[in-house]
1. What is the Cα convex hull volume of the stretch 1-86 when expressed per residue in Å³?
2. Would you calculate, for the chain, the mean residue ellipticity at 222 nm contributed by helices, counting each DSSP H stretch of 4 or more residues as -39,500 (n - 2.57) and dividing by all residues, to the nearest 500?
3. Rounded to the nearest 5, what is the percent of antiparallel bridges among the DSSP beta bridges in the chain?
4. Expressed as a rounded percentage, what relative contact order does the stretch 1-77 have, with Cα pairs under 8 Å and six or more residues apart?
5. Using only alpha-carbon positions, what ratio does the radius of gyration of the stretch 60-143 give when scaled by 2.2 N^0.38 Å?
């Protein structure tokens, strides 16, 4: 049965059309579904006019994980991709090489305990989770075939039906950033393998969110991830580290990372301590 691909889209019709085109050029057939995050009518019309795909329209921007879940639930319910063993998830601007899906499916056929697979973003790194700092790039252990990892890259990941039925879908508290790490950790805890397929290439050179939004979500959600999977002490260490980084950033602007936004990080810390999850606050710049 042809796999399903769920594309998460918001107001980037040109990029989405390009991604659909690259998926149509894959060496294996697939069913493509676009789940739209309350884009403008013009953006949706542009996709409908150019690409022959099913579009599920949402009435609000629900974020990456919750939006992907809409398509994935339709898959699990048999409304799309009936009996398809694998469902792929991608953002609207993923650049997918023509043999990528075939390579991932071939690995899935041989690795029977693989519940989640992801494509290779070409950084020669291994996605890993540090119990004090969350998702980090680690040293690659292999440069070909299947490599076990802690969590999948979100640029193009594949979820096996049996694994999804076992562990559930994306945790919607994350909204965006960190949901794939949580999914990978839950899969591994349930006995499934999570793997990166080397040389199944994909790229995602842009981001739709502002620096403040990215910084806010990454820091708030890292604290949530650590609390759920590592416990209280790593959260305390991370909170202290974040405070030190804010102080260092205020004193040394030239050494700040690219997405540094002191106000967004302070708000992330405050909102985590308040128990806020889901969509970011309206005063943090969004996409």
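1. Convex hull volume per residue, Cα atoms: 85 Å³.
2. Helix-only estimate at 222 nm: -13000 deg cm²/dmol.
3. For the chain, the DSSP antiparallel bridge percentage is about 50.
4. 37
5. That ratio works out to 1.29.
Bear in mind that the values in this text are calculations on the coordinates, not laboratory data. Remember, predicted model here, so these are calculated numbers, not experimental data.
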